[in-house]
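Encoded as structure tokens, the structure appears first; notes follow it.
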Amino acid sequence: MFDNKNRTNINELGEFGLIDYLTKAVEISMPSTIKGIGDDAAVLDFSNKKTLISTDLLLEGIHFDLRYVPLKHLGYKAVQVNLSDIYAMNGKASQITFSIGLSSKFPLEAVEEIYEGALIACKKYNVDLVGGDTSASKQGLVISVTSIGFADADKVVYRSGAKEGDLLCVSGDLGGAYVGLQLLEREKQIFLENPNIQPDLEGKDYIVERQLKPESRKDVVELFETYGIQPHSMIDISDGLASEIIHICKASRVGCKLYEEKIPIDPMTYETAREFGLDPTVCALNGGEDYELLFTVPQEQYDRVKNQLDISIIGYITEENEGCEMISKSGHVHSIKAQGWNAFGSDNVSSSEG
């Protein structure tokens, strides 16, 4: 965090001075970026590709809690969750805009940390920062990111393309971000009750990082290209596996069978969920913020998918009238219900985004 003893008031720079200061380290690397920061609008050229655009808004107290979210991590995460939407369309992310609204309690050093995290994400994922805005805010910290990408017309994947008989697949493992959030919330409460007690996160690095520093799955999209895998439908898991399965099935007018025993859950996620008295499967189904990719592929692509270590086949697509069902480990059949993140819920204090 920034040092309160050596803080620079943003008013000393003014809006344009702040923009100049924050963007002096921005470098352009993508061939599709013709003009970046410095004019009234960025200029991009994707030739004959289809352009993909997505926007996310993050609000202090709704999507993140600054009592345990480092500012650099926040900037990094704000970019990652937005890039994830481009990869969920089977696209390649190429540019972002990054806008921020902040109150007078934030000095220049704090804003620097946020932008530093954002630029680290841009560099790691080879994405250009080409614009944005800064503004005063009376409601705390606000971050808005727009991501831009591209794909060949015949490679773009929508939620609506799932077909009966498709294999239902997911990348990575699920539930870790939600369990990590529970851990951070617990340690926050302990600290508030006794500030002399230091947070106890030892041995929990993986699930804490899943919450504070998620990674969008550019590598999975690259894997598709390498192995000739063409999903019929796809979505990223921001609101929990159950919600995303229902989104695909509703958009595609199909049903599905999900097998509980096939849902990938990391051992640390499983054990920590049990420590909190939580069902690990419920954490995976309804927790959200994993930013893995949920997708369907035709059965003839089974051989291309089955040996990918970071992809799990968790079920299959059925006729619409069969509904969305999960077969439990004990063999019981349950209807899948969306109980994940509600952006307009009255008790939203977590760090989920839709």
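Take the solvent-accessible surface of the protein heavy atoms, probe 1.4 Å, and return the percent of it on the chain that carbon and sulfur atoms account for. Mind dumping the intermediate values first?
Values: 8360 of 17040 Å².
Carbon with sulfur: 49 percent of the solvent-accessible area.
What is the spread of the Cα atoms of the stretch 251-332 along each of their three principal axes, largest first, in whole Å?
40, 30, 25
Translational diffusion coefficient, Stokes-Einstein: compute it for the stretch 81-138 using the Kirkwood radius over C-alpha pairs as Rh, at 4 °C and 1.567 mPa s, and state it as an integer in µm² s⁻¹.
The calculation lands on 102 µm²/s.
Please list 3J(HN,Hα) in residue order for the stretch 221-227, calculated via the Karplus relation 6.51 cos²θ - 1.76 cosθ + 1.60 where θ = phi - 60°; whole Hz, with x for glycine and proline.
For the stretch 221-227, the Karplus curve yields 4, 5, 5, 3, 5, 5, 9 Hz.
Report the label-to-label distance for Glu109 and Ser328 in nanometres (one decimal), using points 7 Å from each Cα along the Cα→Cβ vector.
Simple spin-label model gives 5.4 nm for this pair.
Express in whole angstrom the spacing between the alpha-carbon centres of the stretch 250-297 and the stretch 86-117.
For the stretch 250-297 versus the stretch 86-117, the Cα centre distance is 28 Å.
Taking every DSSP beta bridge with both residues inside the chain, roughly what % is antiparallel (nearest 5)?
Around 75 percent antiparallel, to the nearest 5.
Can you pull the Rg over Rh of the chain, Cα-only, Kirkwood?
0.99
For Gly132, list long-range residues whose amide hydrogen, built 1.01 Å from N in the peptide plane, is under 5 Å from its own amide hydrogen.
Placed amide hydrogens put Phe98 under 5 Å from Gly132.
Rounded to whole Å, give me the distance from the Cα center of the stretch 27-76 to that of the stretch 148-178.
The stretch 27-76 and the stretch 148-178 have Cα centres spaced 22 Å from each other.
Would you mind working out the accessible area per residue for the chain, using a 1.4 Å probe, and quoting it in Å²?
Each residue of the chain exposes 48 Å² on average to a 1.4 Å probe.
Can you work out the Karplus-derived ³J(HN,Hα) for every residue in the stretch 286-291? Use 6.51 cos²θ - 1.76 cosθ + 1.60 with θ = phi - 60°, whole Hz, and x for glycine or proline.
10, x, x, 6, 7, 6
Hey, any idea what the orientation-averaged projected area of the convex hull of the stretch 43-109's Cα atoms comes to, in nm²? Working shown, then result.
Numbers: hull surface 24.2 nm².
Hull-based average projected area comes out at 6.1 nm².
Give me the net charge of Asn286's neighbourhood, meaning all other residues with Cβ under 13 Å from the Cβ of Asn286; Lys, Arg count +1, Asp, Glu -1.
Within the 13 Å Cβ shell, the charges total -4.
Using a cut-off of 11 Å between beta-carbons, work out the net charge of the residues near Tyr68 (Lys and Arg +1, Asp and Glu -1, Tyr68 not included).
Neighbourhood net charge equals 0.
Short version: ³J(HN,Hα) in whole Hz for each residue of the stretch 91-105, in order, from phi by Karplus 6.51 cos²θ - 1.76 cosθ + 1.60 (θ = phi - 60°), x for Gly and Pro, what are they?
After applying 6.51 cos²θ - 1.76 cosθ + 1.60, I find x, 10, 6, 10, 9, 9, 10, 9, 10, 9, x, 8, 8, 5, 6 Hz.
The values are calculated or read from the model by the stated rules, or taken from the named source; none is laboratory data. Model, not experiment: these values are computed from the prediction. Cβ sites come from the backbone with ideal geometry, for glycine too, and all protein chains shown count toward neighbours. Areas reflect the complete protein model, heavy atoms only, side chains present, ligands, DNA and RNA absent. Shrake-Rupley method; radii C 1.70, N 1.55, O 1.52, S 1.80 Å.
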